[in-house]
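The values are calculated or read from the model by the stated rules, or taken from the named source; none is laboratory data. This is a predicted model, so every value here is computed, not measured. Ideal geometry is used to build each Cβ from the backbone, glycine not excepted, and the neighbour counts take in all protein chains shown.
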Amino acid sequence: MSAKKFLSILLHFMEAKDSISSREVSGLHGLNYQTVHVLTLKIREAIRNTMLAEPPLTGYIHADAAYFIKYVRPGNVGNGAAQSAKSDQKNAGLNESGKTPRSVSPNMHAIVVFVQAGPTGQRRYKVAKIKTETQVVLLDIGQAYCDMNATLITDQHAGYNFFSAEFQSHHRVNHNEEFVSKDGFHTNYAEGFFARVRPCIGGAWHHTSVQYLEEYAWEIAWRQTMVGQSNLVQLEDLIRRVLNSGRATRFADYWNKRQVEKTEAREVLGLVVEVQSAEVPKRRGRPKAGMTRIKEIQKPKRAYKRKAPGPTNPPATEE
């Protein structure tokens, strides 16, 4: 890929308001979808690594968490060949009460965000992916991301209880009664972060898997950091992060193109395993025009012997 095309991809990646899909970038630059998909993941990995390397957050810090990939999408009903099933297709996914049943997905995870409060253009973000909001996990992330002399502002979730003893100050906001406490504390910066993540999932990405959820969150953290900056400043910052992050580690050899021995190490190198097209089973459809399908060789029928009449049933004879 030429440097001009790569800079053009970074420009379109930066200019998008609520992120951009790999399908759109591939159409704009005439590239394969898989190529752009891996490339954008490497860009997000560079953003993640460079933002993690930045100093801890200081001052007033807003912290909150939100869950994603909550429910399993119900399957369609009535897409078979039966006429009765086709008539029920308009009520696909509905139960007897006319409602869509929801089941919690095993891939449900939470994104926790820490935002250093300040005027527009001076806020800093750090995010992490967690399974649940447990006290130990949130405390470890808070100690890694925030300075001990900082003031933490959270809601009243029990997972933030340990913050009161570890940081200089810790304030809580009861969201059941108010958005801003009487002392003027709030978590609006953290809420604004999630308010930008959800439109990206429904608009640009359409789907977010648990294995890439944190990379997508870091992208939004970078976009929130660049709010108020000009396009030139944002593009220069993105180029600087990509060039300073070095070679991608997680998404290197994503398609397992590297020549290695056929051992268990092959599964560790990449996230996708490429197989030969001849090994993929094909569905048998209708034969094309002018072609005759060869009938399968049928097994010979088993020969059954008639039982000889026993002594209790003597054969009929003429007298």
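Laid out as a table, the results:
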{"quantity": "Qualifying positions in the range 192-203 - surrounded by 15 or more Cβ atoms within 10 Å (Cβ to Cβ) and either among the hydrophobic types (A, V, I, L, M, F, W, C) or modelled with pLDDT under 90 (or both)", "calculated": "Phe193, Phe194, Val197, Cys200, Ile201"}
{"quantity": "Failed item in (1) in contact with a Lys or Arg (Cβ under 8 Å, 6 or more places away or on another chain); (2) assigned to a helix (DSSP H, G or I), with Gly27 passing the rest", "calculated": "(1)"}
{"quantity": "Residue count for the range 204-232, restricted to those that are closer than 20 Å to Glu24 by Cα, at pLDDT below 90 and of a type in the set (Val, Ile, Thr)", "calculated": "1"}
{"quantity": "Test: residue in the range 54-69 that is farther than 22 Å from Phe114 by Cα and of a type in the set (Val, Ile, Thr)", "calculated": "no"}
{"quantity": "Selected residue [within 27 Å of Lys70 (Cβ to Cβ), modelled with pLDDT of 90 or more and among the acidic types (Asp, Glu)] from Asp147, Asp155", "calculated": "Asp155"}
{"quantity": "Subset of the range 101-133 (residues that are within 22 Å of Thr151 (Cα to Cα), assigned to a loop (DSSP other than H, G, I, E, B) and among the small types (Gly, Ala, Ser))", "calculated": "Ala117, Gly118, Gly121"}
{"quantity": "Subset of the range 163-174 that is modelled with pLDDT of 90 or more and not in a helix (DSSP H, G or I) - its residue that is surrounded by the fewest Cβ atoms within 10 Å (Cβ to Cβ)", "calculated": "Ser169"}
{"quantity": "Residue in the range 133-142 that is of a type in the set (Gly, Ala, Ser), closer than 19 Å to His109 by Cβ and at pLDDT below 90 present", "calculated": "no"}
{"quantity": "Matching residues, the range 141-155, being over 15 Å from Arg172 (Cβ atoms) and either part of a strand (DSSP E or B) or not acidic (Asp, Glu) (or both)", "calculated": "Ile141, Gln143, Ala144, Tyr145, Cys146, Met148, Asn149, Ala150"}
{"quantity": "Conditions (1) surrounded by fewer than 16 Cβ atoms within 10 Å (Cβ to Cβ); (2) assigned to a helix (DSSP H, G or I): number failed by Leu138", "calculated": "(1)"}
{"quantity": "Selection from the range 190-247 of residues that are assigned to a helix (DSSP H, G or I), more than 24 Å from the chain's Cα centre (by Cα) and not aliphatic (A, V, I, L, M)", "calculated": "Asn231, Gln234, Glu236, Asp237, Arg240, Asn244"}
{"quantity": "Neighbours by Cβ (under 7 Å, 6+ apart or cross-chain): first from the range 1-13, of a type in the set (Val, Ile, Thr); second assigned to a helix (DSSP H, G or I)", "calculated": "Ile9/Val25; Ile9/His29; Ile9/Leu39"}
{"quantity": "Among the candidates Tyr189, Tyr160, Tyr216, Tyr145, residue that is under 30 Å from Arg23 (Cβ atoms), surrounded by 15 or more Cβ atoms within 10 Å (Cβ to Cβ) and among the hydroxyl-bearing types (Ser, Thr, Tyr)", "calculated": "Tyr216"}
